[in-house]
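Bear in mind these aren't lab numbers, they're just calculated from the coordinates by the rules spelled out. Values in this document were obtained by computation on a predicted structure and should not be read as measured data. Using ideal geometry, Cβ is built from the backbone for each residue, glycine included, and neighbour counts are taken over all protein chains shown.
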Amino acid sequence: MTFLKPVGSTIALVALAAPVMAQENWPTEPVHIVVPYSAGGNNDRVARTLSEPVSKELGQPVVVENRAGAGGTIATGEVAQADPDGYTIVMCEIGTMGINPHVYNNLTYDPVDDFDPVIQITSVPLILGVGPKLGVSTFEEFLELARDADPEIDYASSGQGSAQHLAFEYFKSQAGIEALHIPYNGASQARTALISGEVGAFIDGTLIPSIEDGEVTPLAVTSSERVESLPDVPTMQEKGIDVDFTAWHGFCAPDGTDPAVVDKLNTAVADALKQSDVQERFKALNIGIVGGTPEEFATFLQEENAKLGKLVEQSGAAER
């Protein structure tokens with residue numbers, strides 16, 4: 001009978017060791033990054049730029065999945081309910097984690113309690129751009145038209161509660177103008193509508209290629225400093241409009257993910273961000289790199305959530 005004790009003890013030790021071994025061997029299968037928007041926007045571009053280098057760092061395929069709908073809330077809510085094993089993470093960005101909680105009345109997730117932050121990836125200044133519809137080429141002309149237009153001008157966004165939506169509503173409130181919000185299913189569709197003349201204006205961070213191609217005219221940027229790739233385009237603050245607004249992106253895992261797995265993900269992404277080809281591609285897209293620890297990103301998310309809540313209230317962008 002006495003020999004059963006060591007056997008039982010061994011079984012217990014094996015049971016305790018199994019999760020530790022799993023953590024040490026993680027990942028043993030592909031990692032999925034869920035982008036809660038359609039392809040073509042910065043969320044998609046950031047995820048796809050990082051998928052290959054992160055895959056090499058982890059030694060497993062990294063698969064990007066686009067699941068658009070309801071301003072990113074559907075897919076983000078689905079990831080919140082996913083197994084916290086590290087194999088499904090979400091692009092957690094300004095819209096889904098900072099704005100939507102204050103815009104939508106019935107979210108299926110809590111941006112703080114339902115996720116374990118992995119890493120902040122970017123900080124992105126936004127650009128006010130116009131296409132052929134409005135016939136303006138300067139910020140002053142745009143303001144004059146927006147204040148006098150009858151009927152009112154319209155503007156695109158990638159969806160209700162998106163960063164583009166809040167940025168334009170914030171701009172409207174600060175500039176004393178009116179404009180009709182036309183939400184699209186993602187930044188790519190919104191940008192196409194701008195270029196074709198379907199809508200008049202768009203504030204976004206993905207306009208650089210369209211500006212370089214002569215399809216979009218940049219009027220101002222929302223950041224406190226000018227954008228390096230657009231040195232002649234003024235900030236809104238320079239033009240007397242008190243707007244300082246930047247978008248951001250990061251990765252989050254479902255709440256309860258093992259800290260060791262979160263750390264492995266953080267290290268893999270951080271190392272990928274140091275690669276010169278990644279940095280060059282982000283620079284070409286007007287995307288600033290941040291990085292940092294999971295703890296730093298967690299603090300940032302809480303601070304942004306509080307700040308953006310005030311902006312939503314001020315701008316009137318909340319659901320009624």
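Could you tell me whether region 225-320 comes out rounded, prolate or oblate from its Cα gyration tensor? Rule is a ≥ b ≥ c as square roots of the eigenvalues, rounded for a/c under 1.5, then prolate if a/b exceeds b/c, otherwise oblate. Judged from the Cα gyration tensor, region 225-320 comes out oblate (a/c at least 1.5, b/c at or above a/b). To the nearest 0.05, what FRET efficiency results for Ser196 and Ile74 with a Förster distance of 25 Å applied to their C-beta separation? Efficiency, from the Cβ-Cβ distance: 0.35. In plain terms, the residue of Glu93, Glu238 with the fewest other Cβ atoms within 10 Å comes first and the most crowded comes last, giving Glu238, Glu93.
Can you give the local net charge around Ser210? Use residues other than it whose beta-carbon is closer than 10 angstrom to its beta-carbon, Lys and Arg +1, Asp and Glu -1. Net of charged neighbours comes to -3. Each residue of region 245-262 was assigned a 3J(HN,Hα) from its phi angle through the Karplus curve 6.51 cos²θ - 1.76 cosθ + 1.60 (θ = phi - 60°); the sequence is 8, 10, 8, 7, 9, x, 10, 10, 10, x, 4, x, 5, 4, x, 5, 5, 4 Hz, with glycine and proline shown as x. Expressed to the nearest 5 percent, the antiparallel share of DSSP beta bridges inside region 127-221 is 55 percent. Here's the picture: charge each Lys and Arg Cβ at +1 and each Asp and Glu Cβ at -1 in the chain, and of Thr28, Gln237, Leu311 the one pushed furthest to the positive end of that dipole is Thr28.
Subtracting the Cα-Cα distance of Ala318 and Lys274 from 0.36 nm times their residue separation leaves 12.0 nm of extension gain. If you take all other residues with their beta carbon under 10 Å from the beta carbon of Pro27, and give Lys and Arg +1 and Asp and Glu -1, the sum is -1. Annotation: amide H-H contacts under 5 Å for Ile119 (H modelled 1.01 Å from N, sequence separation of 5 or more, or interchain): Phe251. When Val63, Val312, Val136 are sorted by how many other C-beta atoms sit within 10 angstrom of their C-beta, beginning with the fewest, the order is Val63, Val136, Val312. DSSP finds beta bridges in the chain, and of those with both partners inside it, around 60 percent are antiparallel. Take the Cβ atoms of Ala149 and Lys283, set R0 to 25 Å, and the FRET efficiency comes out at 0.10.
The local environment of Lys283, defined by Cβ-Cβ distances under 13 Å, has a net charge of -1 under the rule Lys, Arg +1 and Asp, Glu -1.
Legend: ranking of residues Ile208, Ile127 from fewest to most surrounding C-beta atoms inside 10 Å; resulting order Ile208, Ile127.
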